[in-house]
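The values are calculated or read from the model by the stated rules, or taken from the named source; none is laboratory data. What you see is a predicted model, and the numbers here were worked out from it, not measured in a lab. Counting neighbours? That spans all protein chains shown, and the Cβs are built from the backbone with ideal geometry, glycine included. In case anyone asks, the SASA skips ligands and DNA or RNA and just uses the protein heavy atoms, side chains included. Shrake-Rupley method; radii C 1.70, N 1.55, O 1.52, S 1.80 Å.
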Amino acid sequence: MIAAIHIRKTGAAGQQFTCAALTWFDNLDVPQTALFRREGTATHVRYAVGLDAVEHLLGVLQSTKNSAVLHISDAGLRGELTAASASFSSLELIETARGPLLSALVEASDQIGLLVRELQEEFEAQEITRIAGLPPLTVATDASKSLRRNGVGIACVSEDGIRRQKMLPAVKSVLAGELLAIELALSNFQNRKLRILSDSRSAIAAVTRKPGVPHRELSGEETVIVNRILGLMRGRSIKFSWIKGHSGHPLNETADRLAVAIRRNHEAAVPANVQVAIADEIVAPLRSIALAA
């Protein structure tokens, strides 16, 4: 029998673990694979999961009254088992994988890759279901533009104090900036039901197109942004609410300050670490409220 064990430290579904895949050929055409994993990536974990695979192979050999030529990809474990080879009379350990052994090793590696992909896809599906069951998240958006030059600072911030900011030097209009702030919120709070607060009636009108609500003609730049927003909204529960700017609403005021800060920081070439500290200070009151709740 030809057999190979591949061991890999990896991560999926927010966890770090070590996998071992044992692939063997009862004949040279039909591979069989058994997969093993343990939490953690330390050396003792790597050896333990590799020994799980060896133990399984020994069971197969005992049940079939067979022997095997075995390659183990992990040099450390391979060395330990080679030193104790007298205890494994049914195994012949091979240092280098060639020919059929190499084919078995490649198959084992591929099977670990498939396992990791399946675990990640399962985790992501569970996350989408979990997030879809959460109540709507309120997010405020805003934009800030200098009267004397092109470029806008945009920001969005959630009720629990999660923020995003961007400086967009090439943007020419405030409305484009307001729309881009909405797009920023939709892109960064994906799979969530959202209630988006904006102090721009024009931006809300552009993305909702409510009957009877007038909206001004959009520029080419603004039309492109609106089309991207409509794509991000497709299949999601998104509600828009207008809020009067500079009226003391905590979330709107925070979004406004974040947008102004990112623009002014850009214009003054403020170092990145200082920009982060400024933004942290701006959102600190929101986070305190969220923690208290």
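Couple of notes before you dig in:
- Set Arg117, Arg98: member being open to solvent by 50 Å² or more (accessible area, probe 1.4 Å) and more than 18 Å from the chain's Cα centre (by Cα): Arg98
- Taken over region 164-189, residues that are touching a strand residue (DSSP E or B) at 6+ places or on another chain (Cβ under 8 Å), open to solvent by 10 Å² or more (accessible area, probe 1.4 Å) and under 15 Å from Leu230 (Cβ atoms) amount to 1.
- Here Lys9 meets the list (1) closer than 23 Å to Glu121 by Cα; (2) not in a strand (DSSP E or B); (3) not aromatic (Phe, Trp, Tyr) almost entirely, failing just condition (2).
- Complete set of residues in region 1-47 that are of a type in the set (Val, Ile, Thr) and closer than 17 Å to Ile72 by Cβ: Ile2, Ile5, Ile7, Thr18, Thr23, Thr33, Thr43, Val45
- Test result for Arg192, open to solvent by 10 Å² or more (accessible area, probe 1.4 Å), basic (Lys, Arg), closer than 30 Å to Ala125 by Cβ and at pLDDT below 95: yes
- Just one residue in the set Glu178, Glu221 is within 31 Å of the chain's Cα centre (by Cα), more than 27 Å from Ala132 (Cβ to Cβ), among the charged types (D, E, K, R) and modelled with pLDDT under 90; that residue is Glu221.
- Residue list for region 64-123, filter: in a strand (DSSP E or B) and touching a residue at least 24 places away in the same chain (Cβ under 8 Å): Ala68, Val69, Leu70, His71, Ile72, Leu91, Glu92
- Take the conditions (1) of a type in the set (D, E, K, R); (2) touching a helix residue (DSSP H, G or I) at 6+ places or on another chain (Cβ under 8 Å); (3) surrounded by 15 or more Cβ atoms within 10 Å (Cβ to Cβ); Glu107 misses just one of them, which is (2).
- Among the conditions (1) out of contact with any Cys (no Cβ under 6 Å at 6 or more places or on another chain); (2) open to solvent by 70 Å² or more (accessible area, probe 1.4 Å), Arg37 misses just one, which is (1).
- Among residues of region 242-274, those that are of a type in the set (S, T, N, Q), open to solvent by 30 Å² or more (accessible area, probe 1.4 Å) and over 25 Å from the mean Cα position of the chain (by Cα), counted: 1
- Enumeration of residues in region 233-287 that are closer than 20 Å to Thr138 by Cβ and β-branched (Val, Ile, Thr): Ile238, Ile243, Thr254, Ile282, Val283
- Thr141 being within 27 Å of the chain's Cα centre (by Cα), outside any helix (DSSP H, G or I), under 30 Å from Arg195 (Cβ atoms) and modelled with pLDDT of 90 or more: yes
- Residue among Thr129, Thr82 that alone is open to solvent by 30 Å² or more (accessible area, probe 1.4 Å) and closer than 20 Å to Ile2 by Cβ: Thr82
- Among the numbered conditions (1) under 30 Å from Gly235 (Cβ atoms); (2) basic (Lys, Arg); (3) touching an Asp or Glu at 6+ places or on another chain (Cβ under 9 Å), the only one that Arg38 does not meet is (1).
- Residue that is nearest to Phe88 (Cα to Cα), among those in region 47-63 that are open to solvent by less than 50 Å² (accessible area, probe 1.4 Å) and within 30 Å of the chain's Cα centre (by Cα): Gly50
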